1. Can you figure out the FRET efficiency of residue 694 with residue 32, using R₀ = 22 Å and their beta-carbon distance, to the nearest 0.05?
2. When the label point is put 7 Å from the Cα of residue 173 along its Cα-to-beta-carbon vector, which residues of the stretch 148-162 have a backbone N closer than 20 Å?
3. Set the Förster distance to 30 Å, then compute FRET efficiency between residue 218 and residue 120 from the Cβ-Cβ distance, nearest 0.05.
4. Go ahead and run the numbers for FRET between residue 333 and residue 485, Cβ-Cβ distance against an R0 of 22 Å, rounding to 0.05.
5. Using 0.36 nm per residue, how much length does the chain from residue 404 to residue 194 gain when fully extended, once their Cα-Cα distance is taken away?
6. Only counting other Cβ atoms within 10 Å, I'd like 229, 670 sorted with the fewest neighbours first.
7. What pairs from 177/389; 176/498; 239/291; 102/366 go past 18 Å between their alpha carbons?
8. With +1 on the Cβ of every Lys and Arg and -1 on the Cβ of every Asp and Glu, and nothing else charged, how large is the dipole of the stretch 255-325 about its Cα centre, in debye rounded to the nearest 20?
Amino acid sequence: MEKSEFSMISLPPKSQAASGYRKLKPYNTIEKERWEGIDIQGVGVPRKGLFTHPNTPSCLEDLERQWKQYHDDIKKSTKLRNYINFQEPNAANSELFYKFIKSDVKIVKTVLEAAGLIPTTSHDWSILWSCGAPNNFFFQNLNIGQRVNHFPSSTEITRKDRLCCTITQMQEHFGKKHYDITPDTYNLPDEFADFYAHFHNEKHAKWIVKPPASSQGKGIYLVDSINEVPIDENCIISKYIENPLLINGLKFDVRIYVLVTSYEPLRIYMYEEGLARFASEPYNLLSKKNKFSHLTNYSLNKHNENFVQNQDYRNDDVGHKWSISALCKHLEAEGVDIELMWMRIYDLIIKTIIASEPAVITACKKSSLHHNSCFDLFGFDVILDSGLKPWLLEVNLSPSLSTDSPLDYHIKSNLLIDAFNLMGIGPLERKKEVMSYARNRLQSDASPMRKKLNYMQSPKFQEHFRDTLEQYERRGHFLRLYPAKGTDYYDMYFQPAKLVNKALYKALFSDSTEKKTPNIENLPLITENKSPGRRVAQKARNYSGEKTSKPEKIILTADDILIEYISRIWHAIRSLKEEKLKTNWRRNLERFITHTVWHASDTRRGANSKLWQRLENRLIEMKERRRRLVNNLQGDDMEEHRKKVMRQFSGTELENMLKSSFRTTAVEVVGCLFDIDGKGILTEMIRWLASINDRESVLAPRAEIENQDVIYFDEESYEEDKYF
């Protein structure tokens with residue numbers, strides 16, 4: 001191929017490509033209709049990138065409305081910050097300092113010094129830039145306002161071996177279909193036995209071997225024989241994507257820049273411009289030793305005589321490196337559903353970051369880091385297969401910022417300017433101010449009144465909310481992926497789910513500012529007994545039908561209420577066809593079932609069992625726990641009385657008691673049973689079934705119900721009419 005021939009032409013002949021995408025269209029339409037997760041309409045897609053104004057739908061009106069709602073409280077609790085603007089530098093910025101460790105990145109230095117910052121070797125810096133993971137002592141005793149360009153423990157996803165372990169753990173916990181974002185990968189030699197079994201099940205598959213902590217395509221090669229697999233060295237081996245999407249017969253991958261500004265609360269941004277990097281020789285599956293055909297790394301392909309370098313950033317679709325916006329323009333012209341493609345990529349990015357969240361938060365707490373002390377600018381390398389499914393190849397801790405071409409310089413300089421502006425780089429706050437801040441926070445946390453506040457009214461949450469709004473206003477060409485509308489779907493993947501994420505989502509994306517169903521943490525309690533953790537429920541109704549002059553007091557624990565509620569749902573879904581259940585009910589129940597509060601070792605039912613069977617496991621676990629806690633607490637008569645009283649509560653009454661009975665971490669698991677508007681699954685199911693004329697269409701056949709392998713046994717059977 002001569003250099004002059006390579007330009008933006010098409011996928012293999014246009015007519016064939018268009019025909020192939022027409023075949024995919026019905027499947028794509030169905031997938032979009034059933035999509036659960038991030039709302040693409042609220043985020044936008046990077047169609048035009050840096051070559052026009054940001055393509056993000058404006059949410060500022062809603063955000064400004066919410067900002068005014070909290071503005072007064074925020075002013076009282078936190079000091080507004082004054083950050084520099086990297087696009088409008090001034091002389092005052094000369095009082096700000098930056099520091100490099102482990103490397104001196106030319107373009108970072110250029111951007112910082114153009115904004116007026118001065119290099120320093122002391123500790124009085126506003127931003128610390130490291131090309132590798134800093135040592136732990138760098139994270140200790142930071143002043144407020146100091147920014148480090150890496151979080152501790154980010155290597156959970158940036159080392160290939162750790163990424164393999166992290167994603168595998170998520171697949172084992174939630175099922176592979178939920179985390180099918182990377183090719184099958186094994187750590188050798190530790191997982192050689194598992195790899196060997198897989199290899200022989202697919203004897204004609206090709207595999208790719210990579211060192212665990214390398215970059216730039218070093219040490220990577222393909223194998224298709226077990227004799228070629230190294231067994232005495234540390235490496236990872238992944239199933240090779242044999243059907244990559246091709247452009248002009250060339251394989252390519254996409255470098256996506258992802259900025260994480262906080263893990264608690266989680267805030268994820270994606271730059272709407274990036275790079276599509278092409279192999280420099282036509283894709284040929286038969287020539288496995290030709291690295292220029294199979295690897296897309298720029299550092300490798302630039303040494304090939306066929307490689308074409310970009311000469312003008314405005315011609316971003318010429319050569320072996322394009323902009324993402326040029327790639328999107330090309331694929332859209334070929335009939336590719338760009339929105340669905342980006343929905344899948346956003347989903348992949350969010351799930352990857354969530355997988356690393358527990359390790360990063362633990363490390364941050366050990367160093368007592370402020371939530372704004374760190375940020376990470378990751379380089380996600382993603383490849384599309386011929387079915388337009390994205391696969392994560394790797395995550396780069398310090399993506400290359402080399403500027404060998406005008407296109408590189410244009411994209412990466414703007415990337416850094418927008419990233420620094422979004423993060424907010426300001427004057428250094430000295431130790432005296434830090435200690436004052438720490439004392440105020442400790443006093444606030446220790447205040448008895450704080451416990452009585454709704455979390456969303458607390459100074460701590462208002463600070464998080466303010467930061468989120470301010471960052472969004474400074475986002476430039478970044479798209480905010482999390483929090484975004486629809487990202488409450490990902491609550492199930494947190495271990496455990498974080499109240500701050502839920503509260504932030506509700507504050508940003510609630511349909512109305514009206515107070516709907518009361519917040520779970522801010523409801524009036526039912527009458528409290530002096531015994532810790534218990535409630536006294538007084539029912540002025542006679543379960544036996546006889547009149548009494550004085551209602552009896554029954555001790556009901558929060559577990560009693562939850563068991564009764566889940567029992568009713570369990571009986572309901574046993575009687576219904578599972579496929580007829582609404583998607584959000586199934587999703588919320590899956591979140592409840594897979595929550596980390598449960599014993600992971602419970603294996604009474606397999607992961608592929610029916611929903612009612614998996615819910616049954618949790619009922620059994622709750623019943624066993626309750627037996628241990630209340631053994632000998634109540635006599636048989638009182639226990640019988642308790643059961644009958646519990647039967648008298650309506651679904652709505654149970655839901656109100658659930659909301660008011662749980663606190664702290666328990667609110668996370670109970671929250672799975674309610675939607676964002678506070679509507680409970682049970683009452684919604686009752687209303688739904690009441691609205692159906694043909695019940696037989698949704699009820700499971702009687703014979704199927706009778707043949708169900710039921711483990712959980714309730715002493716009093718539930719009658720269908722009582723619940724529906």
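Computed from the coordinates by the stated procedures, all read-outs in this text should not be read as laboratory data. Keep in mind that what you see is a predicted model, and the values were worked out from it rather than measured. Here the Cβ is made from the backbone with ideal geometry for all residues, glycine too, and neighbour counts use every protein chain on show.
1. 0.15
2. 151-162, by backbone N distance to the label point.
3. Efficiency computed from Cβ-Cβ geometry: 0.35.
4. 0.15
5. Roughly 71.4 nm would be gained on extension.
6. 229, 670
7. 176/498; 102/366
8. Charge dipole of the stretch 255-325: 360 debye, to the nearest 20.
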